[in-house]
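Novice: I'd like to ask some things about the structure below.
The values are calculated or read from the model by the stated rules, or taken from the named source; none is laboratory data. Computed from a predicted structure; not experimentally measured. Quick reminder, even Gly has a Cβ in these numbers, built from the backbone with ideal geometry, and neighbours come from all protein chains shown.
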Amino acid sequence: MTTTLTKPRPQKTAPRERGHRPGATARRRNWLGGLAGWLWLAVVVVPLYWILITSLKARSDYYASNPLAPPTDPTLDNYELVFESDFISYFWNSVVVTAGAVVPAVAVSFMAAYAIVRGWRMRFLRVANGMFLMGLAIPLQATAIPVYLIIIKLQLYDSLLALILPSIAFAIPLSVLILANFIRDVPKELFDSMRVDGATEWGTLWRLAAPLTRPAILTVTIFNALTIWNGFLLPLILTQSPSQRTLPLALWTFQGEYGVNVPALLAAVVLTTLPLIILYAFGRRQLLSGLTAGFSR
Amino acid sequence: MSALTSSTGREGRRSILPWLAVPALLFFVGFAVVPLVGVFVLSFTTWDGIGTIHLSGLTSWRAVLTNPGLPHALWVTFLVMAVSWAVQTPASILLGTFLAGRQRYRAVLSLIYFVPLLLSSAAIAVAYRALLDPNFGLGAGLGFEWLSKDWLGRPWLAFGVVVFVVSWQFVPFHSLIYQGGVQQIPQSLYEAAQLDGAGQVRQFFSITLPQLKYTIITSSTLMVIGSLTFFDLIFVLTEGGPGDATRVLALDMYKRGFQADLMGPASAIAVILVLMGLAIALLLRRLGGRDAGESQLEGV
């Protein structure tokens, strides 16, 4: 199973690595690691379990019962309350922002990554690559104030587009880096034979490079979707009205509105995470490789 | 733009390659590079966030640099960075080596470990605020005296909570990185060590740890630079409090800029944040000979 976690990047592991053998460490006993492993399981599971069961408790039950005991009388009232609080509208906003930012971000990043790999000889592209790399070292949150100013000047303040545009920009550096790494692994002969066949760079990009790097494209897509879905700062500074609110921001305002109604608050936490949990259940491999996004070297 | 047409391929044909990079560049320049320059410019202005922007020389910088809040925010930022690194790194290495094993139950465990990564920082902070409630939270319910403290009401406790929650959120991520790193260590090294009679502890310190050098640098770079941006978690969890005990730089920037309407000084703080990020990236790069970004490009 562990091998499946590394598998989504098959091209990456093979020849250049230093004699990599999957599961090479399997036979070594590691007591300390084992202890840490089970301890960490408890650290992770207890809060998650508590969030789930509490979200199913009636308010009275929450105050009266042991916090770790399952609800005596499970109820979905809290979920109902969350749905009545415009949850659907916030959910939809999150979907629009995430889809609206991820698709163009991955598309432009892929094109740029292709250009950087294929045109490494050109100074312009090396400079572009250097700029993207610099973007990795800089905490982009530090640009919040000028981004806010630009959005005001574009008269986009308090709109979903205001969230989409900077999200695309912030997603580009890492996306280009990862995609370029994968495009680089496409055998040069394939590019050459495409050219002999008279294919343009544009055609080669979509008909050769894209299909061959599909796992990487999926990985980058999922990573960006997760980041943008969970984004908080941009919605906080670039929107104002409830109609433009995305889920993480909605959670925060929920906390202010019915802060004492903890079960309802936790039902909201569960609901905002649910899409990602479902994604996790179906696309576990891609999601995990997406999360580490090519950093396991 | 002359670069676009002058630098043609080896074959001398005009290439569309540079144009393919243009859309990404436009977005990146427009919403990352221009703001980066802009934040520097804005730090020399006075602006309340709504009205007109006035150039005001060093006024903002003077205000920021003489404000006792700055050294404090710097100190808190540094502490969060250092302590969360010191907590997360050993834990991640330990869990990473553990997860690198092939046993099936470990794969199941790793599936569970990663769930916190799916939650937004806002969701995590909201949940922990309720969980740590001294009256109705976990501690009170379980009857554990030591667990039912006023976690978010005392400066050092709140600081500890921030570090703990950060670790809860990110240790899985770094464990995954270390898992990949450990799995790439050639098995022959361990076999040789075993023949030489080296014990497990010895093997860990003489083989695993040195072999993980670049993984450690990559993971640390991500941790340290990431720690400059723990804005949302701290904002929802403690709002920088109690008092300003957990007011890190990013939060300081937000509060001065968007709450106190002092965009000039807030921009000055943002500049400090940028410089810190660059300095740390360069430092770590010197330390390891390469940084997270370039490690990806080496061996091309």
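Novice: Would you check which residues across the stretch B:201-234 are surrounded by 17 or more Cβ atoms within 10 Å (Cβ to Cβ) and free of Cβ contacts under 8 Å to residues at least 24 places away in the same chain and list them?
Specialist: Passing the criteria: B:Q203, B:I207, B:T229, B:F231.
Novice: Being within 12 Å of chain A (Cβ to nearest Cβ) and modelled with pLDDT of 85 or more narrows it down to one residue among B:A73, B:A82, B:A91; which is it? Steps first, answer last, please.
Specialist: On the way: B:A73 fails: within 12 Å of chain A (Cβ to nearest Cβ); B:A82 fails: within 12 Å of chain A (Cβ to nearest Cβ).
When all the criteria are applied, what remains is B:A91.
Novice: How many residues are over 23 Å from the mean Cα position of the chain (by Cα), buried (at least 19 other Cβ atoms within 10 Å of the Cβ) and more than 7 Å from chain A (Cβ to nearest Cβ) when one looks only at the stretch B:103-136?
Specialist: The number of residues fulfilling the criteria is 2.
Novice: If B:V182 satisfies all but one of (1) free of Cβ contacts under 8 Å to residues at least 24 places away in the same chain; (2) under 19 Å from B:F98 (Cβ atoms), what's the number of the condition it fails?
Specialist: Every condition holds for B:V182 apart from (1).
Novice: Considering only residues of the stretch A:179-208 that are at the interface with chain B (Cβ under 9 Å from one of its Cβ atoms) and in a helix (DSSP H, G or I), which is farthest from A:N93 (Cα to Cα)?
Specialist: My answer is A:E201.
Novice: Next question, about the same structure. Taking the condition of being in a helix (DSSP H, G or I), more than 8 Å from chain A (Cβ to nearest Cβ) and in contact (Cβ under 8 Å) with a residue 40 or more places away in the chain, how many residues in the stretch B:258-271 meet it?
Specialist: Residues of the stretch B:258-271 that are in a helix (DSSP H, G or I), as a first pass: B:258-259, B:263-271.
The next check asks that each one be more than 8 Å from chain A (Cβ to nearest Cβ); those that pass are B:259, B:264-265, B:268-269.
After this cut, where a residue has to be in contact (Cβ under 8 Å) with a residue 40 or more places away in the chain as well, the list is B:264-265, B:268-269.
Going through the stretch B:258-271 one residue at a time, the tally reaches 4.
Novice: Let me ask something else. If A:P47 passes every condition in (1) in contact with a Ser or Thr (Cβ under 7 Å, 6 or more places away or on another chain); (2) at the interface with another protein chain (Cβ under 7 Å from one of its Cβ atoms) but one, which one does it miss?
Specialist: Single failed check for A:P47: (1).
Novice: Looking only at helices (runs of 4 or more DSSP H) that fall completely inside the stretch B:152-246, which ones have 1 or more residues that are within 9 Å of chain A (Cβ to nearest Cβ), farther than 30 Å from A:L265 by Cβ and touching a Phe, Trp or Tyr at 6+ places or on another chain (Cβ under 8 Å)?
Specialist: Hits in the stretch B:152-246: B:155-183, B:200-203, B:213-227.
Novice: In the stretch B:91-102, what count of residues is obtained for those that are under 28 Å from A:V269 (Cα atoms), among the aliphatic types (A, V, I, L, M) and crowded, with 23+ Cβ neighbours inside 10 Å?
Specialist: 1
Novice: Which members of the stretch A:50-103 meet the condition of being more than 14 Å from every other protein chain (Cβ to nearest Cβ), among the charged types (D, E, K, R) and either in contact with a Pro (Cβ under 9 Å, 6 or more places away or on another chain) or surrounded by 14 or more Cβ atoms within 10 Å (Cβ to Cβ) (or both)?
Specialist: Within the stretch A:50-103, A:D77, A:D86 meet the criteria.
Novice: Quick one: is A:R245 modelled with pLDDT of 90 or more and of a type in the set (D, E, K, R)?
Specialist: Yes; evaluated as a whole, the condition is true for this residue.
Novice: Take the stretch A:41-60 and flag every residue that is farther than 16 Å from B:L119 by Cβ and assigned to a helix (DSSP H, G or I). Can you show your working first?
Specialist: As a first pass, look at the stretch A:41-60 and keep what is farther than 16 Å from B:L119 by Cβ: A:41-42, A:53, A:56-60.
Across the stretch A:41-60, the qualifying residues are A:L41, A:A42, A:I53, A:R59, A:S60.
Per-residue answers, yes or no, for (1) under 22 Å from the mean Cα position of the chain (by Cα); (2) buried (at least 18 other Cβ atoms within 10 Å of the Cβ); (3) outside any helix (DSSP H, G or I); (4) more than 7 Å from chain B (Cβ to nearest Cβ):
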| residue | (1), (2), (3), (4) |
| --- | --- |
| A:F124 | no, yes, no, no |
| A:A128 | no, yes, no, no |
| A:Q155 | no, no, yes, yes |
| A:I164 | yes, yes, no, yes |
| A:L177 | yes, yes, no, no |
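Novice: Within the stretch A:106-122, count every residue that is touching a residue at least 60 places away in the same chain (Cβ under 8 Å) and either within 8 Å of another protein chain (Cβ to nearest Cβ) or loosely packed, with under 15 Cβ neighbours inside 10 Å (or both).
Specialist: 7
Novice: So which of B:P35, B:P68 is at pLDDT 90 or above and either among the aromatic types (F, W, Y) or under 30 Å from the mean Cα position of the chain (by Cα) (or both)?
Specialist: B:P35
Novice: Right, something else. Do you know which residues across the stretch A:61-103 are small (G, A, S) and in a helix (DSSP H, G or I)? Full working, then the answer.
Specialist: Residues of the stretch A:61-103 small (G, A, S): A:64-65, A:69, A:85, A:89, A:94, A:99-101.
If the condition is that a residue be small (G, A, S) and in a helix (DSSP H, G or I), then A:A64, A:S89, A:S94, A:A99, A:G100, A:A101 are the ones that fit.
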